[in-house]
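Q: Before I ask anything, let me first share the structure, which is written out below as structure tokens.
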Amino acid sequence: MSPGAVDVDALRVSAQVMVLATLLCLVPGTALAWAIARSGKNTAALLSSLALLPLVLPPSAVGYYLLYAFGRQSAFGNFLIDDLGLRLVFTWPGAAIAAAVVSLPLFVRTAQAGFEQIDPELLAVASTMASPVRSFFAVALPLAWPALAAATLIAAARSLGEFGATVIIAGSVPGETQTVPAAIYDAVQAGDRPRANALAFVSMVLGLIFLAALSLVLQRQRHR
Amino acid sequence: MERHVLRARVGKRLGEFELDVDLAARNELLVLFGPSGSGKSITLRAVAGLVTPDAGRIAIGETVVFDHDRGVRAPARERPVAWVPQGYSLFPHMTARQNIGFGMPRRMDAGDRIDMLLALLGLDGLGGRYPRTLSGGQQQRVALARALARNADVLLLDEPFSALDEALRAGLRDELLRLRRELGLTIVFVTHDLREAHLLADRLAVLDEGRILQIGERDDVFRRPASRRVAELTGVQNLLAASQVDYSDGRATVDADGVRLVCGSIAPGAYEAARVVAGIRAERVNLRRIQDGAEENHVRGWITGEWAYGNTHTLRFAPTGPGPELMVEIASRPYEVLHVAEQREWLLELPPEDLHLMPA
């Protein structure tokens, strides 16, 4: 196996993890953001703390908890494996779930800001005319979409760079669960400077692309 | 007697005061008038279902939409009312048509109804436009059309014209009166603009600090305020502290700063009040040339202040003999004809029929 092939694999695994993690963030993240933006002070504070918890935990701690939850040590893990046939430990979907958990706080914060920017009178008018579900999909969602797009980009970028939680739950098996950050760690440990350089450079380019996309989205938001 | 279309008793603890209003309306335009923060908007929101009162009952026609004691609380969208907030609040991502159609049940003829509403409000050809490309007046019309599209029994308008300039306001007020006539609407209209209140109201409720001080036919409220506070709020500029009240034949004779004044109308609360004031609007005071013989209801005074408003002049008179200080409003034409600019001392006549006695 040439080092080049391994790096393409790392990029592929990273892409898979990023896409799945971002998709996993979308629905719960949007729902949480909306709930926080629309509930009273106390409920909002509680939900907000819950949503932000992964941000203040070390990612390795998040990974450790997920390892416990998805593995053989827990009833939930046994249920997943025996009854649903879902093996998440040492798989890339497991890594994606870990990345999603770590990215969720950033998604929620960004999306929440978008919902909070909506003129409350608009939502009040909508509530006098339509069901909460219709108000959400026809009014809140379209008005908050630039923030939701920004939240998606930020979550994607965060999942792409996630290392601590993913490596604990999924390990670093080249071609299967080894993401770009994990590959950089391996390369540095192995003293493979050219490989570490190449991967770090790719990460930087990808990061810049995300930032460019983000600033485009945020510009649109300002122009509304 | 006709059934009430709207009957609302609303109690709610607010920051600085307790909201406690009780009002009813039937096929008329009821104006809720009062200073900002008096509880007008919150009353409207309670009826619309956007805030939950701590006490009371709200019925629209036969439908009880809120009853605190029985735990009834219909969601806003199920109440047969249409609410237009102060800033129109059009959905910025929807065209005028989509805005109007938003609250309509999706039926076969929805499109026709939108066309009809666009035409009714003089918005032909603007249906495809987004709110930001419409003028303030057009946006307000779209907001009205969107409210009318709900086919509600009661239209709730919260200072709908306050963001528009005077010329546009006049047009929209006319429009509203026309719609009210043509569609037989029951409208509750919130404003803190005295002239607007007078122009639009069939009936008028005067609110202050969460309470309705007076509710009644417009002219009744304007001519016979129930108390000093109502008089102040409805723009009665002369409120004269009075004493030695003598009642006979529905008239009262009082002493105000040493001048005898006969008041032709008496607020019900005045009889038992410890302190009373005699009120007269500035435009009701007549200027007379100085002559001898102190008559009843006359005060001799000279001008100490003057404000020119273009079509009217407001004059402040200090008494030269006994009597109170008085504000007088006079149209520009008589002001010129009488040479008020040169002639500074006048006898001021306070016609008994325009002097109203009320509790202080």
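Q: Can you go through B:ARG107, B:ARG73 and tell me which one is open to solvent by 10 Å² or more (accessible area, probe 1.4 Å) and within 14 Å of another protein chain (Cβ to nearest Cβ)?
A: Result: B:ARG73 is the single residue among B:ARG107, B:ARG73 that is open to solvent by 10 Å² or more (accessible area, probe 1.4 Å) and within 14 Å of another protein chain (Cβ to nearest Cβ).
Q: Working carefully through the options B:ARG288, B:ARG300, B:ARG284, find the one that is under 28 Å from the mean Cα position of the chain (by Cα) and outside the structural domain of B:LEU204 (by TED's automatic domain parsing).
A: Just a single option satisfies the conditions, and that option is B:ARG284.
Q: Now for a different question. Return the residues of segment A:103-123 that are open to solvent by less than 40 Å² (accessible area, probe 1.4 Å) and within 12 Å of chain B (Cβ to nearest Cβ); say none if nothing qualifies.
A: A:ILE118, A:LEU122, A:LEU123
Q: So which pairs qualify, if the first residue must be in segment B:133-152 and open to solvent by less than 30 Å² (accessible area, probe 1.4 Å), the second must be among the hydroxyl-bearing types (Ser, Thr, Tyr), the Cβ gap must be under 8 Å, and the two must be at least 6 apart or on different chains?
A: Within 8 Å, the pairs are B:GLN140/B:TYR88; B:VAL142/B:TYR88; B:ALA143/B:TYR88; B:ALA143/B:SER89.
Q: Residues A:VAL56, A:VAL19: which one is under 18 Å from the mean Cα position of the chain (by Cα), within 18 Å of A:ILE169 (Cβ to Cβ) and surrounded by fewer than 18 Cβ atoms within 10 Å (Cβ to Cβ)?
A: Within the list A:VAL56, A:VAL19, the selection yields A:VAL19.
Q: Select from segment B:110-138 the residues that are within 14 Å of chain A (Cβ to nearest Cβ) and part of a loop (DSSP other than H, G, I, E, B) and list them in ascending order.
A: Listed by number, the list holds a single entry, B:TYR130.
Q: How do the helices (runs of 4 or more DSSP H) wholly within segment A:1-80 filter down when requiring 1 or more residues that are of a type in the set (Gly, Ala, Ser) and over 30 Å from A:TRP145 (Cα atoms): which remain?
A: In segment A:1-80, A:3-38, A:59-70, A:75-78 are the helices (runs of 4 or more DSSP H) which contain 1 or more residues that are of a type in the set (Gly, Ala, Ser) and over 30 Å from A:TRP145 (Cα atoms).
Q: Restricting to segment B:79-104, count the residues that are in contact with a Pro (Cβ under 7 Å, 6 or more places away or on another chain), assigned to a loop (DSSP other than H, G, I, E, B) and buried (at least 20 other Cβ atoms within 10 Å of the Cβ).
A: Final tally of qualifying residues: 1.
Q: Does B:ARG129 fit the bill of being of a type outside the set (A, V, I, L, M) and more than 19 Å from B:ALA152 (Cβ to Cβ)?
A: Taking the combined requirement at face value, the residue satisfies it.
Q: Same structure, new question: Consider segment B:6-33. How many of its residues are outside any strand (DSSP E or B), on the phi < 0 side of the Ramachandran plot and either surrounded by 19 or more Cβ atoms within 10 Å (Cβ to Cβ) or not hydrophobic (A, V, I, L, M, F, W, C) (or both)?
A: Result for segment B:6-33: 4.
Q: A further question follows. Quick check on this structure: which one of B:ARG281, B:ARG289, B:ARG316 is open to solvent by less than 70 Å² (accessible area, probe 1.4 Å) and basic (Lys, Arg)?
A: It is B:ARG281.
Q: With the condition being away from chain B (no Cβ under 14 Å), of a type outside the set (D, E, K, R) and open to solvent by 20 Å² or more (accessible area, probe 1.4 Å), I'd like the helices (runs of 4 or more DSSP H) fully within segment A:124-224 carrying at least 2 qualifying residues.
A: Once the helices (runs of 4 or more DSSP H) in segment A:124-224 are filtered for at least 2 residues that are away from chain B (no Cβ under 14 Å), of a type outside the set (D, E, K, R) and open to solvent by 20 Å² or more (accessible area, probe 1.4 Å), what remains is A:141-161, A:164-170, A:180-189, A:193-223.
Q: Right, here's the next one. I need a count of the residues in segment B:184-242 that are part of a strand (DSSP E or B) and not assigned by TED's automatic domain parsing to the domain that holds B:LEU19.
A: Total meeting the criteria: 5.
The values are calculated or read from the model by the stated rules, or taken from the named source; none is laboratory data. Quick caveat, the model's predicted, so the values are computed rather than measured. When we count neighbours, we look across all protein chains shown, and the Cβ atoms used for this are built from the backbone with ideal geometry, even at glycine. Note: accessible area is taken over every heavy atom of the protein model, side chains too, but ligands, DNA and RNA are not part of it. Shrake-Rupley method; radii C 1.70, N 1.55, O 1.52, S 1.80 Å.
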